[in-house]
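Taking it in order: structure first as structure tokens, then the write-up.
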Amino acid sequence: MAEEIIEQEQEQVAQHFSLPDTNNEEGGEHSFLGASFGKSMMWLFLLSDAFTFTGLLLGYGAIRVKSEWWPDPNLVFNSMPFLHGKDVPLGFVTIMTTILILSSVFIVRAVQEGHRMNRKGVAIWLIWGIIGGLAFLGCQAWEWSHLIHSGMRPFYNVYYAGADGQTLKLAAAEIANHPASPGPSMFAGSFFGITGFHGLHVTIGVILNTVALIQTLLGTYHKRGHYEMVEKFGLYWHFVDLVWVFVFLFFYLI
Amino acid sequence: MEAEAQYRSQVKAVWRATIIIGIVTVFEVSLALSHFFFFYEHPKLVINVFMTLATLLKAFYIIAEFMHLQYEKRTLIITLGLPLVFLTWLIVVMLVEGKFAFSLLH
Amino acid sequence: MTTDTIPGQFSMAHTAHHHKQTFLTKYIFSTDHKTIAKQFLLTGMFWAMVGGLFSVLFRIQLAWPDATFPLLETLFGHWFEGGRLSTEAYYGLVTMHGTIMVFFVLTAGMSGTYSNFLIPLQIGARDMASPMVNAISYWLFFIASVVMLASLFLPTGMASAGWTIYPPLSVLPQASPGSGMGMSLWLCSMVFFIASQIMGGLNYISTVLNLRTKGMTMFRMPLTVWALFFTAIIGLLSFPVLFASVVLLIFDRGLHTSFYLSDLYVGGQALSYSGGNPILFQHLFWFLGHPEVYIAVMPAMGIVSEILSVNSRKPVFGYHMMVYSLLGIVVMSILVWAHHMFVSGMNPFLGSVFMLFSMLIAVPSSIKVFNWLTTIWRGNIQMTPAALFCLGFVSMFISGGLTGIWMGNATIDIQIHDTYFIIAHFHLVMGVAAFFGMFAGVYHWFPKFYGRFMNETLGYVHFIITFVGAYLIFWPMHYLGMSGVPRRYYSFHEFRAFAEYDNMNILITTASIVVFFTQFIFVINFFWSIYKGRKMKTMNPWEANSLEWTTPINVNDIHGNWPGDLPTVYRWSYDFSKFEDEERDFIPQTEPLSQREIELGNNH
């Protein structure tokens, strides 16, 4: 008797959890958005996250438009690791951008292999994607520490306006004599704040991709019959890439 | 075999998008650098507009190709696209406000 | 791509039947949408009592600014040092009243309760799209609640920069005692709250889009579902921007960036901030803040449409127009935020654009009002407490909405900005009105919640006193505001001109005390009826058409609605009094079209 009830419950639970395509006219493939609810939830989440990042970037934009003078990014972001003292404007950040875009491509490849149920292919491309993410984070860490070493803080900017509006840099030894920020402090504040917030997203993305990799290697998705989880995490990862494209434009190019 | 052909064409499409994004990035950076090295005395406005357009192009390829949106159902595209109207309005308002604050200060 | 199973939930299906339901899994860490709805409702009720109590406390100060109340010192300690409300506590209480009522009661308590409860039941789904995300959404709200509650007991005082937390008050810890730890906890709580709302919203939207039962097309959904769906959309698009503004505020507080602060002098000393813009915060805040008003009131609109139709035994008038006007409100609500900022120093040209948009929002709102009135017109009105509260909602919405047209005009707004006029306006239109919608919903769906009815007599008493009391509180405030009495002032001692309004303030405070204690009638009624209320005899006590009345309350104690197959839907949910010669004046959604209807041509 008890077993029967359990069986019944099992059946009901199973029915409950296989809902979208069995009981719903508009569930599954025929749904309004043409995507399973997991994927549509991820899309909608990214939409809302896009609003968050727009809010942040607009905070930066409104302040930048309001300011009289802004340091020239070509003179601020001009150093490269291993090329000490050499002047390479925008060199390093272009490498960072390339790394992140390539890592995004690798994840696309993982998703495509997922559609063919090619477990090994998914794993390999995921590993490449994760390496790309970690490399990007490493680059960002190097860039941050370089700026911090030269005296930049979220509330302190060593790049100030010369007499003709050219960008000058306060020497490290002089910093002690200038308690107030010599240049517009929001240049540093918005840079650290927004690239930091983006970096947090990258970190989360790397963690998600690692979870996907572990589950791929364990065969969880293979048993499930589809690699939709890789696709969902992938969407998130591309979104991180998408945000970076705009951060790159607004902080480094313009 | 049809699935295999489809797979190949998708892979090709992704690498094609990658190359386009790469070229656009190089274009952007060279625009910025050309201003820095050759036209430093001139206002940057025109170059900024071109770089913004280039970034929007990159964003389009990331969303359409990497995020696979151009192959999704039209309703999803519309659902995600329409709210951007609100963002546009927010962007316009904030930039106008920033300019207005600038004009008050100077 | 296949969608045979729902990723991430499969393991739950395996464990669900192994364990016997304990108290913890059934009532506390439940993933059942009905339980989560009750959790939201009870937490919301708790916060409503706290928020209401706070308003009574600062109203006492406004009515009797010089009197001392030793009893209140005994009860509330250092807030009432010497029996008189301290200035810090006054501003703290005002801030908390706003925060609690707007966010915790009218957003989480309202959407959380009704979206969770009604969406799956009214569209014919076993549960939410992702029950787990749903539970996490509640528990994030719970954490937010705990943090906010903890901030009330800080020795330095709670956040006191107003619920709008404008910088520099909210950024500078030295600005007021509450701007230190109190503000930090406020921001922390808000981060959890926003995460909770976004998770909830994602779930509501994808449930409505993906889990509708067979035959339930979008235009057969009850208006409640439409309203909750649109509410979730607004929340999903506007809460992230609040999140951005809170993050930037946290940067300003923690990292000393100056997003919101320009050059500032405090006590003759220049602060290190420079280059920021406080108006930036106001824009980002009101990008959420204005849609937030509609997040509060739109679920009430849906509930009212549904209950008025059921209780006047008539189809809702202009169903499609109701949906389109909701959509219009969604679009307009996100475009009009800066009408809160006409006097803040924003660009006056932009102000006029915002004024135009604000005026336009009156169009969908009045369409809705006309449709409610024409729904009850010549209807066979059943005067249940729920219906009374709905009528109260319509009344409040009209009274408050008309003054909205005044406030939306920049020229008038400059005169009455930040006076009691605006207090009267928004309390009527989105405060009391939304509460009325909430009460109506509780009275109407209580049988669905607990299988028993609430006591009707107590319901009538509750309605009459609250309705009359609400007008007594907020109607006089219009006069106060038009004569220029500013809001948020601790005392009007220094303003001899306002002395003539002392009696009016006493009237308002007395009414608010009476209304506050009347709410205990509702609370007692609620808890008493859970255990002792009249039992429900039939499954469909109000003879409504919608799907929630076709399933028993608990299905075998496991979560999931409808034993056996999900119902199939053949019509919209407003087929009331369709044929005069039939004995039954309603046709449930699950009933196939009759021969007669097919011949007449059925348009839903």
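The values are calculated or read from the model by the stated rules, or taken from the named source; none is laboratory data. Computed from a prediction, not measured in an experiment: that's the story for all the values here. Cβ: placed from backbone, ideal geometry, glycine included. Neighbour counts: every protein chain shown. These area figures cover heavy atoms from the full protein model, side chains too; ligands, DNA and RNA do not enter into them. Shrake-Rupley method; radii C 1.70, N 1.55, O 1.52, S 1.80 Å.
Summary table
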{"read-out": "Whole-Hz couplings from phi, Karplus 6.51/-1.76/1.60, listed for region C:270-279; x for Gly and Pro", "value": "6, 7, 7, 6, 7, x, x, 8, x, 5"}
{"read-out": "C:F29 versus C:H493: modelled label distance in nm, points set 7 Å from Cα along the beta carbon direction", "value": "5.5 nm"}
{"read-out": "Förster radius 22 Å - calculated FRET efficiency between A:A141 and A:L83, Cβ distance, rounded to 0.05", "value": "0.80"}
{"read-out": "Inter-chain Cβ neighbour average for residues B:31-37, partner chain, 10 Å", "value": "4"}
{"read-out": "Amide H within-cut-off set for C:T419, under 5 Å, with H built and near neighbours excluded", "value": "C:R487"}
{"read-out": "Accessible carbon and sulfur surface of region A:39-253 relative to its total accessible area, %, 1.4 Å", "value": "68 percent"}
{"read-out": "Cα long-axis angle, helix C:433-450 against chain C (0 to 90 degrees, to the nearest 10)", "value": "40 degrees"}
{"read-out": "Test item: Cα-centred dipole of region B:1-71, Lys/Arg +1 and Asp/Glu -1 on Cβ, debye", "value": "40 debye"}
{"read-out": "Extension reserve of the C:T68-C:I598 stretch, reckoned as 0.36 nm per residue once the Cα distance is removed", "value": "183.5 nm"}
{"read-out": "C versus A: buried accessible surface, summed, Å² (probe 1.4 Å, to nearest 100)", "value": "5300 Å²"}
{"read-out": "Nearby aspartates and glutamates by direct alpha-carbon distance to C:K314 (threshold 14 angstrom, same-chain neighbours under 8 apart not counted)", "value": "C:E306, C:E543, C:D575, C:E580, C:D585"}
{"read-out": "Sites C:Y479 and C:M49 - FRET efficiency at Förster radius 35 Å, r taken between beta-carbons, to 0.05", "value": "0.75"}
{"read-out": "FRET efficiency for C:V461 and C:M132, using Cβ-Cβ distance with R0 set to 35 Å, rounded to 0.05", "value": "0.25"}
{"read-out": "Too-long pairs where the Cα-Cα distance tops 29 Å, listed order kept, from A:K169/B:K58; A:K120/B:K12; A:K86/B:K12; C:K368/C:K535; A:K86/B:K99; C:K34/C:K214", "value": "A:K169/B:K58; A:K86/B:K12; C:K368/C:K535; A:K86/B:K99"}
{"read-out": "Eligible aspartates and glutamates near A:K39 by straight Cα distance, threshold 13 Å, same-chain separation 8 or greater", "value": "A:E29, A:E228, A:E231, B:E72"}
{"read-out": "Of C:K38/C:K537; A:K223/C:K26; A:K232/C:K38, pairs whose Cα-Cα distance is over 29 Å", "value": "A:K223/C:K26; A:K232/C:K38"}
{"read-out": "Crossing angle, helix C:502-532 versus chain C [Cα axis fit, 0-90 degrees, rounded to tens]", "value": "30 degrees"}
{"read-out": "Ranked packing of B:75-82, C:401-408, A:34-41, C:188-195, most packed first, by mean Cβ within 10 Å", "value": "A:34-41, C:188-195, C:401-408, B:75-82"}
{"read-out": "Longest exposed-site-free window of chain C, the sites being GluC sites (Glu not before Pro) in a DSSP loop that have at most 14 other C-beta atoms within 10 Å", "value": "C:1-493"}
{"read-out": "Inter-label distance for B:M1 and A:I148, nm, one decimal - labels placed 7 Å from Cα along Cα-to-Cβ", "value": "6.0 nm"}
{"read-out": "For the pair B and A, total buried accessible area rounded to nearest 100 Å², probe 1.4 Å", "value": "4400 Å²"}
{"read-out": "Distance between region A:134-197 and region C:395-451 - C-alpha centres, whole angstrom", "value": "49 Å"}
{"read-out": "Accessible surface of chain C, 1.4 Å probe, proportion on carbon and sulfur as whole %", "value": "68 percent"}
{"read-out": "Accessible area per residue in Å² at 1.4 Å probe, computed on the protein assembly as shown", "value": "39 Å²"}
{"read-out": "Other-chain or far-sequence residues with amide H under 5 Å of C:F586's (modelled H)", "value": "C:S577"}
{"read-out": "Backbone N under 12 Å from the C:K214 label point (7 Å along Cα→Cβ), restricted to region C:563-604", "value": "C:565-570"}
{"read-out": "Distance-filtered residues of region A:218-237 - backbone nitrogen under 17 Å, label point 7 angstrom along A:K120 Cα→Cβ", "value": "A:218-219, A:222"}
{"read-out": "Between 0 and 90°, nearest 10: helix C:456-482 axis offset from chain C longest Cα axis", "value": "40 degrees"}
{"read-out": "Shielding by partners - mean other protein chain Cβ count within 10 Å, residues of B:79-86", "value": "6"}
{"read-out": "Two-site label geometry, C:D502 and C:S272: point separation in nm, points 7 Å out along Cα→Cβ", "value": "5.0 nm"}
{"read-out": "Helix-derived mean residue ellipticity, 222 nm - over chain C, DSSP H n ≥ 4, -39500 (n - 2.57), to 500", "value": "-19500 deg cm²/dmol"}
{"read-out": "Kyte-Doolittle mean at least -0.5, axial Cα span of 20 Å or more - DSSP H helices of chain A", "value": "A:37-66, A:91-115, A:119-149, A:185-218, A:228-247"}
{"read-out": "Shielding by partners - mean other protein chain Cβ count within 10 Å, residues of C:234-242", "value": "5"}
